[in-house]
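Worksheet: one structure, shown below.
Every number here is computed from the coordinates shown, using simple stated rules; none is lab data. Bear in mind the structure is a predicted one, so any value in this text is a computation, not a measurement. When we count neighbours, we look across all protein chains shown, and the Cβ atoms used for this are built from the backbone with ideal geometry, even at glycine.
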Amino acid sequence: MNRTICPCGSGLVYLNCCQPYHQNAQPAPTAEALMRSRYAAFVVQDADYLYETTHKSTRKNVTKEGYLSSAQNTTWLKLEIIFAAVDVVEFKAYYLGRSLDTEVLHERSNFKKEEGKWFYVDGKFY
Ligand SMILES: [Zn+2]
């Protein structure tokens, strides 16, 4: 995995892209970087990272188990960033549907920075 292309779509190898964030070696520097790393965390099934990068104001709505089962039960295909501002990222995440067709999750997510770290707060779905 380390030397394969990162699932977030950056074109970089995982080792030089989202892995340092997943391993808490360094925090994602921007909301977009955090969003990409969270998408990659779904692909590599890192539920701890998904839970820990959810903002405390909305963390009560999620569980590590929920993130893990979501990650295990979804085949993510591709991430496309539609729009990114300082604390908002709109994206389309493509995944394999039940009938093996490509389906899309279209979300506009809100992020918040606290103590030097970005967190996912919530999102609006289209
Ligand atoms: Zn990445």
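Assorted remarks:
- Backbone HN-Hα couplings from phi across region 73-83 [Karplus 6.51/-1.76/1.60, Hz, Gly and Pro as x]: 9, 10, 9, 7, 9, 6, 10, 10, 8, 8, 7
- Long-range amide H partners of residue 12 with built H, under 5 Å: 6
- Approximate spin-label separation residue 112-residue 100, in nm, with each point projected 7 Å along Cα-to-Cβ: 4.4
- Taken over region 30-95, the alpha-carbon convex hull comes to 81 cubic angstrom per residue.
- Of all DSSP-defined beta bridges confined to the chain, some 95% are antiparallel rather than parallel.
- Pairs of alpha carbons in region 14-125 whose separation is greater than 18 Å (percent): 49
- Full extension of the segment from residue 70 to residue 5, taken as 0.36 nm per residue of separation minus the current Cα-Cα distance, would add 21.2 nm.
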